[in-house]
Amino acid sequence: MLLDQTYLQLLLGKKNLLAFSGGVDSTALFFLLLEKEIDFDIAIVDYNLREQSKEEVSYAKELAKKYNKQLFLKETTLPDSNFEANARKERYGFFDTIIKEHSYQNLLTAHQLDDKLEWFFMQLSKGAGVVELLGLQPKEEKNGYKIIRPLLQITKDELLNYLHDNNIMYFIDHTNKDTKYKRNHIRQNYTKEFLKSYKSGVKKSFDYLQNDYNELLKVEILSNQKDLYILKNQDNDLLNIRAIDKIVKKLGLLLSKSTKDEILKQKEIILSNKVVVAITNEKIYICPFVKSSMPKEFKEKCRVLKIPPKIRPYIFSQSLLIE
C-alpha cells in the first residue's frame, strides 16, 4: 500500500507530528511513513478511561524508542458528559501546544475513508451543504501549521490487511462499538456494510465532491499582510461566509452556525475576543483583535480609505501599509 505522491511532497523534508493512539489507523500510518522515510514524531493522549490505554501508551513508547522518535504524552481525565467533544478539544489543544513549542510544520492524523463516510452520514442526518458534508479535508490550514490526513482514500479494511500482511501489532478500542454514541451507531449500522458493497463508487464520488468543494471555496484574497486578510466581497452571503470561515480557521477559530449568522447580520464583529471580521460593500477584512491607541491623523486616513474601525488597531499596531 502506497501513500499518494501528493502527500509525500507535502511531508518530505518537513517537521511532522503524528497523532498516535496505537489503534489500526494510526499504527498503519506510523509504518507507512517509516516505509517512505518520512521524518516524524508522535503524540498520544491517555484519557485514563480504559485499562488497555496503559498498554497503548507502552506500545507508543516502545515504537518511539525503537525507531528513534520523540514522544509526547498527555494524561488527563474528563467527565462523562459530552465526552467526545471535550476529548477532541483536549487532544487538539495538546497537539497545538506541542506544535508551537517545537516548531512542527504538519500535524498528521490517521482519519480514513470509513471516517469520512461516517462524517458524511452524520452531517446528512442533520441537514448540511457540501462544505459541511466534506468536513474531513486532505489538507487543512491552521494558524502556523497544516493538518494533513494522508489516509482518506483508504478503507479501514485495507489498513487492517496491511497490518496483518506485515505482522504489525495494533490495539482495538472496544468502546468504538458502543452505539450510544451517534458516530458508532452510524458505523455499525451503515458505513461498514455500505463500503463493503460500494467502496469504488464512494471513492469516486468523494473525488467529484472534493472538486466541487474546491471550486466553492476559492477565495479571492485582495491583500494579505501578516494576519490581515482583505477579501473581495462576492455579493453572495453563502460564498462570503465560506470564505470568511476558511480564513478564520487559519487564525485558530472554528465558526458555529449561529456565529456565521451573526457575522452576516452585524457586518463588523469581534469573535471570541480574538478575531475581527468586517464586511463592507466591496471588501471583507479579517485580522486578529487588538486594542491600540491611534493618532488622529491615522484614524482620518483610515476613514478616507473606508477601513472599518475595528480593523484599524491591528493595522496600526503592526505598522502595515495602507493605501
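Observations
- Unit charges at the beta carbon, dipole of the range 5-213: most positive-side option, 150, 133, 86: 133
- Under the criterion of Cα pairs below 8 Å and six or more residues apart, the relative contact order for the chain equals 13 percent.
- Among 238-251, 296-309, 53-66, sorting by the average number of other beta carbon atoms lying within 10 angstrom of each residue, highest first, gives 238-251, 53-66, 296-309.
- Measuring against 27 Å, Cα to Cα, the residue pairs 89/139; 146/306; 218/291; 69/199; 226/246; 69/192 contain 146/306; 218/291; 69/199; 69/192 as the ones spanning a longer distance.
- Where only C-alpha atoms are counted, convex hull volume of the chain per residue in Å³: 157
- Sites residue 9 and residue 62 - FRET efficiency at Förster radius 45 Å, r taken between beta-carbons, to 0.05: 0.90
- Farthest positive-ward along the chain dipole, Cα basis, beta-carbon charges - from 42, 313, 201: 313
- Counting only Cβ charges, +1 for Lys and Arg and -1 for Asp and Glu, the dipole size of the chain around its Cα centre is about 1040 debye.
- Set of the range 1-17 residues, backbone N closer than 13 Å to the point 7 Å along the Cα-Cβ line of residue 204: none
- Considering helices alone, the calculated mean residue ellipticity of the chain at 222 nm is -14500 deg cm²/dmol, with DSSP H runs of length four and up weighted by -39500 (n - 2.57) and normalised per residue.
- Within the range 58-198, the percentage of alpha carbon pairs spaced more than 19 angstrom apart rounds to 65%.
- Extension gain for the segment residue 2 to residue 87, taken as residue separation times 0.36 nm less the Cα-Cα distance, is 27.5 nm to one decimal.
- For the range 1-128: Kirkwood Rh in Å [reciprocal of mean 1/r, alpha carbons]: 15.9
- Phi to ³J(HN,Hα) by Karplus 6.51 cos²θ - 1.76 cosθ + 1.60 over the range 148-165, Hz, x for Gly, Pro: 10, 10, x, 10, 5, 9, 10, 7, 4, 4, 5, 5, 4, 4, 4, 5, 5, 4
- Pairwise Cα separations in the range 86-128 fall into 5 Å bins from 0 onward with the following percentages, short to long: 5, 18, 16, 17, 19, 13, 8, 3.
- Viscosity 0.890 mPa s, temperature 25 °C, Stokes-Einstein D of the range 221-317 from Kirkwood C-alpha radius, µm²/s: 181
- P(r) of the range 186-267 over all Cα-Cα pairs, binned every 10 Å from zero, in whole percent: 14, 34, 25, 20, 7
- Separation of alpha-carbon centers, the range 70-142 and the range 292-323, rounded to whole Å: 37
FYI, it's all coordinate maths here, none of it is from the lab. Bear in mind the structure is a predicted one, so any value in this text is a computation, not a measurement. Reconstructed Cβ throughout: ideal geometry from the backbone, glycine too, with neighbour counts over all protein chains shown.
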